[in-house]
Amino acid sequence: MILENRIGLVVGVANEHSIATGCARAFAREGATLAMTYVNDRALPHVQPVADEVGAAELMPLDLSVPSQIDAVFDTIAQRWGRLDFLLHSVAYCPKEDLHGRVVDCSADGFAQAMDISCHSFPRLVRKAEPLMLDGGSLLTVSYYGAEKVVDNYNIMGPVKAALEAVTREVATELGPQGIRANVLSPGPIATRAASGIEHFDALMQDAREHAAQKRLVTIDEVGETAAFLASDRASGVTGSICYIDGGRHARI
């Protein structure tokens, strides 16, 4: 129970297949008390069963483009517990027409929206979490190998995730003196709702099966186990890192 008596916020559960769901399950198994969010009323019926499964103490609406909803989430946490020990940000979005096109053809609005929701939303959450992490804490976000190398059909999300990884290193450095750590989870391809928007995603998963050191795909629960470790004191010396959970795919060309 490495997260016993810890309070965590999980942002990014869309349904039972989400990476954030695997993380929430692991956090709960390790004893954490969780607050969770859902993006809108249409998403709630898909998120509620996950919240029930992990025994979430709070389930709150959170559209990351609405500052008042961000404020409300952290006000609720402050009023109920007075502190926050870890945060998971597992969010990505890009308009379909920009995601499926070349980077050089990406519209200014599409680029800005992808960067805002997928990247800048992380420091927005961190800014609110920081004063609640009274005794240090752990900040986690989710990226993909396409941030480092060109992956066919990942397109504009490659630069966006590269920015997210760079932001995480900056956050780790800025908040390190306060005992707050920041790390990136980098899973291999997993069939989530967000991933379904990537063209030829089946080919990407097949490539992972063929070229990963373990010759297989990873699961959301495996990602969750790594997330729980990074959220705990057992990872007290780990910050500013990209933690691959991809069966070794990143190690090969």
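The values are calculated or read from the model by the stated rules, or taken from the named source; none is laboratory data. This one's a predicted model, so the numbers in the text were calculated from it and none came from an experiment. Using ideal geometry, Cβ is built from the backbone for each residue, glycine included, and neighbour counts are taken over all protein chains shown.
Brief remarks follow.
- In the stretch 234-252, residue surrounded by the most Cβ atoms within 10 Å (Cβ to Cβ) [restricted to those that are under 17 Å from A166 (Cβ atoms) and among the hydrophobic types (A, V, I, L, M, F, W, C)]: C243
- Condition check for A72: under 18 Å from the mean Cα position of the chain (by Cα) and either of a type in the set (G, A, S) or assigned to a helix (DSSP H, G or I) (or both): no
- Identity of the residue in the stretch 180-218, polar (S, T, N, Q), out of contact with any Cys (no Cβ under 7 Å at 6 or more places or on another chain) and not in a loop (DSSP other than H, G, I, E, B), that ends up modelled with the lowest pLDDT: S196
- Of residues in the stretch 99-140 being hydroxyl-bearing (S, T, Y) and in contact (Cβ under 8 Å) with a residue 40 or more places away in the chain, the one surrounded by the most Cβ atoms within 10 Å (Cβ to Cβ): S138
- Within the stretch 219-233, considering residues that are crowded, with 21+ Cβ neighbours inside 10 Å and either in contact with a helix residue (DSSP H, G or I) (Cβ under 6 Å, 6 or more places away or on another chain) or modelled with pLDDT under 95 (or both), the one nearest to H17 (Cα to Cα): I220
- Pairing each residue of the stretch 10-36 that is within 12 Å of E225 (Cβ to Cβ) and part of a strand (DSSP E or B) with any residue that is at pLDDT 95 or above and not β-branched (V, I, T), provided the two are 6+ apart or on different chains, yields no C-beta distance under 8 Å.
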